[in-house]
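The values are calculated or read from the model by the stated rules, or taken from the named source; none is laboratory data. Not measured: the values here are computed from a predicted model. Virtual Cβ from ideal backbone geometry, glycine too; neighbours counted across all protein chains shown. When the accessible area is computed, the model is the full protein with side chains, heavy atoms only, and any ligands, DNA or RNA have been set aside. Shrake-Rupley method; radii C 1.70, N 1.55, O 1.52, S 1.80 Å.
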Amino acid sequence: HYAGTAYANNHGSGVKLGRAIEGGAPNLPSAPGRTAGLELPDGALYGLPVKRLYDNSVLMRSADLLDRRRAGAEMWVSAETAARMKLHAGESMQVQINDKEVSLVVKVDAGVPEGAALLPRHSGLPLPAGGGPVVVKRNL
């Protein structure tokens, strides 16, 4: 039985995780930011698009029952990043993504790497496919 793909996966849709019995932890890329060789402007985080279960894709928009559960314009950051940039959970912020200013809500999660901002796809945010700088402008 073959359950793989018949094409080269060049979209970054997953990382092959090794089983513990085979030799341990997966080889994951380093956390984004200055340490990964990317120069970010001052006050910027590295924005990474992430998939949410209930996003605003065409399929989900037709399901009125899921309106309250859909991903909105939000930005997930680590507690360390939030403290360093003086961001608070639930706070509305103005940020610049791809030279466009947008409003979003800050969410804090310990699982987010330092210096990264996770932004849901299909949420109305102008996200580049592979991620890019998110410049925090001001509180609303």
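Things worth noting here:
- Filter pass, Arg61 being closer than 23 Å to Val135 by Cα, open to solvent by 70 Å² or more (accessible area, probe 1.4 Å) and modelled with pLDDT under 80: no
- Residue count for segment 64-84, restricted to those that are over 21 Å from Leu53 (Cα atoms) and open to solvent by 30 Å² or more (accessible area, probe 1.4 Å): 4.
- Hey, Leu53 over 14 Å from the mean Cα position of the chain (by Cα), at negative phi, at pLDDT below 85 and loosely packed, with under 13 Cβ neighbours inside 10 Å or not: no
- Segment 109-123 - residue that is surrounded by fewer than 19 Cβ atoms within 10 Å (Cβ to Cβ) and touching a strand residue (DSSP E or B) at 6+ places or on another chain (Cβ under 8 Å) and, of those, nearest to Gly47 (Cα to Cα): Arg121
- Looking across segment 106-123, the residues that are assigned to a strand (DSSP E or B) and farther than 24 Å from Leu59 by Cα come down to Val106, Lys107, Val108, Ala116, Ala117.
- Where Pro32 falls short, out of the listed (1) within 20 Å of Arg121 (Cα to Cα); (2) open to solvent by less than 30 Å² (accessible area, probe 1.4 Å); (3) at pLDDT 60 or above; (4) touching a strand residue (DSSP E or B) at 6+ places or on another chain (Cβ under 6 Å): (3)
Per-residue answers, yes or no, for (1) on the phi < 0 side of the Ramachandran plot; (2) more than 16 Å from the chain's Cα centre (by Cα); (3) assigned to a helix (DSSP H, G or I):
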{"residue": "Asp67", "(1), (2), (3)": "yes, yes, yes"}
{"residue": "Trp76", "(1), (2), (3)": "yes, no, no"}
{"residue": "Leu87", "(1), (2), (3)": "yes, yes, no"}
{"residue": "Leu125", "(1), (2), (3)": "yes, no, no"}
